[in-house]
Ligand SMILES: [Zn+2]
């Protein structure tokens, strides 16, 4: 069956990413979670684990990718989708591109602090990522930040003040 991005149940998969975000927050981490979907199956999960891994690179999306990119190594450009509760940072967006696994990005809350959206317009990024969609369950994601990291939610919403 042909891949149809619009027919995917974005709400269902984002709720799974939000579960990962809630687990992270309950462990004292930032409330960020991600799942990777391939052929309508969740094939990878990740959550923010800075404290657990003692590593500031342990972002939810990168954690999910590191697990999934191995399993999907033989399926490059096969329309896998990453669902993440916060817009991917520049590192994670780069990892998504370099994985050759994920061709579609769905995020909940836009990150105006890092402001990664313009990176989607880089030709190499656009070549790999066919859909880059935000706003799916963004209120639910924001509610987790409000509960666990309200000061950081202000930065995410308002970005940098010049
Ligand atoms: Zn990241």
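The values are calculated or read from the model by the stated rules, or taken from the named source; none is laboratory data. No experiment lies behind these values; they were computed from the predicted model shown. Reconstructed Cβ throughout: ideal geometry from the backbone, glycine too, with neighbour counts over all protein chains shown.
For the reader, a short list of remarks on this structure follows.
- Inter-residue pairs, beta-carbon under 6 Å, first part of a loop (DSSP other than H, G, I, E, B) and in the range 116-140, second exposed (fewer than 14 other Cβ atoms within 10 Å of the Cβ), 6+ apart: 116/90
- Considering the range 152-162, the residues that are free of Cβ contacts under 8 Å to residues at least 40 places away in the same chain and assigned to a helix (DSSP H, G or I) include one that is surrounded by the most Cβ atoms within 10 Å (Cβ to Cβ), namely 153.
- Sole residue being modelled with pLDDT of 95 or more and surrounded by 15 or more Cβ atoms within 10 Å (Cβ to Cβ), chosen from 106, 133: 106
- Residue 94 satisfies every condition listed in (1) at pLDDT 95 or above; (2) within 24 Å of residue 149 (Cα to Cα); (3) surrounded by 16 or more Cβ atoms within 10 Å (Cβ to Cβ) except (2).
- Positions within the range 141-151 being touching a residue at least 40 places away in the same chain (Cβ under 8 Å) and exposed (fewer than 14 other Cβ atoms within 10 Å of the Cβ), in sequence order: 147
- Leading residue by the ranking (surrounded by the most Cβ atoms within 10 Å (Cβ to Cβ)) among those in the range 1-32 that are touching a residue at least 24 places away in the same chain (Cβ under 8 Å), part of a loop (DSSP other than H, G, I, E, B) and touching a helix residue (DSSP H, G or I) at 6+ places or on another chain (Cβ under 9 Å): 32
- Each residue in the range 49-66 was checked for being assigned to a helix (DSSP H, G or I), surrounded by 13 or more Cβ atoms within 10 Å (Cβ to Cβ) and within 15 Å of the ligand (Cβ to nearest atom), and 8 of them qualify.
- Being at negative phi and in contact with a strand residue (DSSP E or B) (Cβ under 8 Å, 6 or more places away or on another chain) holds for only one residue in 18, 51, and it is 18.
- Only one of the numbered conditions (1) within 12 Å of the ligand (Cβ to nearest atom); (2) in a loop (DSSP other than H, G, I, E, B); (3) over 9 Å from the mean Cα position of the chain (by Cα) is not met by residue 88, and that is (3).
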